[in-house]
Amino acid sequence: MTDENSDLLDVIIIGTGFAGVYGLHRIREAGFRVIAVEAGDDVGGCWYWNRYPGLRCDVDSLEYSYAFSEELQNEWRWSERYAPQSEIQSYIAFAADKLDLRKDIQFNTRISAATYNNDAGNWSLETEAGETLRARYVVMATGCLSVPNKPDIPGLDDFGGQLVHSVQWPKEKLDLSGKNVAVIGTGSTGVQMIPLLAKEAKHLTVVQRTPAFCVPARNQQWSDERIEFWRQNFRELRETARNSRAGVLHEYGLLPAAAIRPEDQIADLERRWIKGGPNVLYGFNDLLMNHDTNELVSDFLRGKIADAVDDPEIAKKLMPYEYPVGTKRVCVDTGYYETYNRDNVSLVDLRSEKLQQIEKDGIRTEEGFYPVDVLIMATGYDAMTGALLAIDIRTSEGKSLRTEWGKGPQTYLGLGIAGFPNMFVVTGPGSPSVFSNMVLSVEHDMDWIANCLDHLRGKDFPSFEADPNAQEAWMDHVDEVARGTLLNRAASWYRGANIEGKPQKFMPYVGGVNTYQKKCRDIADNGYEGFLIGGVSEATSAEQGAG
Ligand code: N01
């Protein structure tokens, strides 16, 4: 007799970036039959796909790494404050090897569709190669920044040179020497690659639609003393980060700017500027709430642009005025502004020089023609929802996630979605996610999911899903917290504003990592309040029972 469920796994994790790698280990250790599937041929997620010159993480490497294992922490030595892509990729691979995960990862497997069978209470996943994989639960570790944004720019299809998207950078070295290179986009990606491209190309043309606010990285090698300090104080430092607003050990100022004397405000900004990294944004606790505070910091940063760029006209073009600082992700740069002092760099500011079209061998604007051999799109991502909606997620009862999210994403805590049972999302919309140290957040989410699976183990029930009412209340709260800030004042990817036709809605939860993690803990402790187990709320039945 054959068992029709012999291929049914307990859990399938989609994606093996930081989240999938930890999740596979965590859920396997909890005793579940689990595999991970991965579209690439190695682990790493965004650190596997992105490999453009200059790519580094803008969170200190000692913090942008796993916290769950002292062994990993002690055996790996980060070389620099801001680790380069290759080192982060090697670290994730090191973790996967150390934890012996590869035997449970199916590489080169892209999931195209996922269907929940409401009667059987399990998921069927279709791969692009036509294979079907089945599991009781599915965990979407698909990443917030993984689907490239490929804007429809007039004439792009006519371009005859080499076209490269930053997210799909070729594995082999891209030789730019002697070439006319153009970059479209000046977000974190553009800002990181532009100084290096300028050094290699014959001429570099930068096409800027909106200037970014940038702070200097001041990257440096880690000293042995620093590494040793972290090893000795690892647990306490991680705990402190976890209890902070962003999950990162910034020096968080405790006061609003108005409570500080003007000369001290500037002195503190200067001190933070010299220290490097995003710390300059954390001096006042009301940067994202108070217009005057925001202007103070914005002016300070614009002044630094004027200092760095020789030509005042170019400096002016590089200054952002159209949104408050921090409402678009601030870029961490190395020599970005100074690059515009080079003779072989041109800035096309689309605010003052309208783009007409891309042509076979260059870019035509109202002001002239820029010859281009290699055109680089540093145009970002369909963030937070792109990778989830790239998979056709449905239920046998006829629900489709693409339809349900037609007006923007709806989740409960970013972890569950009403109407889509037995599916968990990692760092989904409605969680701190991209507004936090992602490694810390993916570990939290995977721990929460593994504990939840453990709670459900052995219970006789078909489904676990978010209660639509709890979801609505949570999304209202997420909106309300964002509305109390300046964050909705920018056309940012946080709001989906970078993708044509995407519903605009502020997606991350900005109430703080500390607040969010406590909320998740309380919900779990209260019988997974706001989730339905077999269609009923354990939290409610416990209350009724007590009554
Ligand atoms: O993407 P972006 P990114 N015509 O969306 C422009 C993380 N990250 O890849 O601002 C002309 O920020 C667009 O212009 P505008 C980090 O969280 C981290 O740079 O929309 N231009 C913008 O200038 C980051 O925030 C690291 O007006 C067009 C640029 O392209 C996130 O990833 C490194 C255009 C896109 O900027 C995304 O960063 C890299 C068009 N049609 C990334 N469409 C680190 O850890 C778009 N643009 C350091």
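The values are calculated or read from the model by the stated rules, or taken from the named source; none is laboratory data. What you see is a predicted model; the values in this text were computed from it and never measured. Methodologically, a virtual Cβ is constructed for each residue, glycine included, from the backbone with ideal geometry; neighbour enumeration extends over all protein chains shown. Accessible surface areas use protein heavy atoms only, side chains included; no ligands, DNA or RNA. Shrake-Rupley method; radii C 1.70, N 1.55, O 1.52, S 1.80 Å.
Here is the figure for the range 184-207: residues that are more than 18 Å from the chain's Cα centre (by Cα) and near the ligand (Cβ under 8 Å from one of its atoms) total 2.
To keep it simple, each residue is scored yes or no on (1) within 16 Å of the ligand (Cβ to nearest atom); (2) open to solvent by less than 70 Å² (accessible area, probe 1.4 Å); (3) over 25 Å from the mean Cα position of the chain (by Cα).
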| site | (1), (2), (3) |
| --- | --- |
| T127 | no, yes, no |
| L133 | no, yes, yes |
| R136 | no, yes, yes |
| C144 | yes, yes, no |
| N149 | yes, yes, no |
| F159 | yes, yes, yes |
| L163 | yes, no, no |
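Restricting Q89, Q73 to those that are at pLDDT 95 or above, under 30 Å from E228 (Cβ atoms), out of contact with any strand residue (DSSP E or B) (no Cβ under 8 Å at 6 or more places or on another chain) and assigned to a helix (DSSP H, G or I) reduces the list to Q89.
Residues in the range 56-77 that are free of Cβ contacts under 8 Å to residues at least 40 places away in the same chain and out of contact with any helix residue (DSSP H, G or I) (no Cβ under 7 Å at 6 or more places or on another chain) were compared, and the one that is nearest to A93 (Cα to Cα) is E75.
Across the range 454-483, the qualifying residues are those that are in a loop (DSSP other than H, G, I, E, B) and charged (D, E, K, R), and the one among them that is surrounded by the fewest Cβ atoms within 10 Å (Cβ to Cβ) is D460. Please verify whether F229 is at pLDDT below 95 and assigned to a helix (DSSP H, G or I), treating the condition exactly as stated. So F229 fails the test.
Scanning the range 363-380 for residues that are within 16 Å of the ligand (Cβ to nearest atom), open to solvent by less than 40 Å² (accessible area, probe 1.4 Å) and either in contact with a Gly (Cβ under 9 Å, 6 or more places away or on another chain) or in a loop (DSSP other than H, G, I, E, B) (or both) turns up I363, V372, L375, I376, M377, A378, T379, G380. Applying the condition of being touching a residue at least 40 places away in the same chain (Cβ under 8 Å) and touching an Asp or Glu at 6+ places or on another chain (Cβ under 9 Å) to the range 32-42 and asking which residue is nearest to the ligand (Cβ to nearest atom) yields A39.
When W273 is tested against (1) open to solvent by 60 Å² or more (accessible area, probe 1.4 Å); (2) among the aromatic types (F, W, Y); (3) part of a helix (DSSP H, G or I), exactly one condition is not met: (1).
Residues in the range 489-502 that are touching a residue at least 24 places away in the same chain (Cβ under 8 Å), open to solvent by 30 Å² or more (accessible area, probe 1.4 Å) and outside any loop (DSSP other than H, G, I, E, B) were compared, and the one that is nearest to the ligand (Cβ to nearest atom) is W493. Going by what's in this entry, would T210 be described as more than 16 Å from the ligand (Cβ to nearest atom) and either among the β-branched types (V, I, T) or under 24 Å from N498 (Cα atoms) (or both)? Criteria not met by T210.
Just to be sure before I move on: is K171 in contact (Cβ under 8 Å) with a residue 24 or more places away in the chain and away from the ligand (no atom under 16 Å from the Cβ) in the structure I sent? The answer is yes for K171.
Of all residue pairs spaced 6 or more apart or on separate chains, those with beta-carbon atoms under 8 Å, a first member in the range 385-400 that is closer than 17 Å to G428 by Cβ and a second member that is basic (K, R) and surrounded by fewer than 16 Cβ atoms within 10 Å (Cβ to Cβ) are L389/R402; I393/R402.
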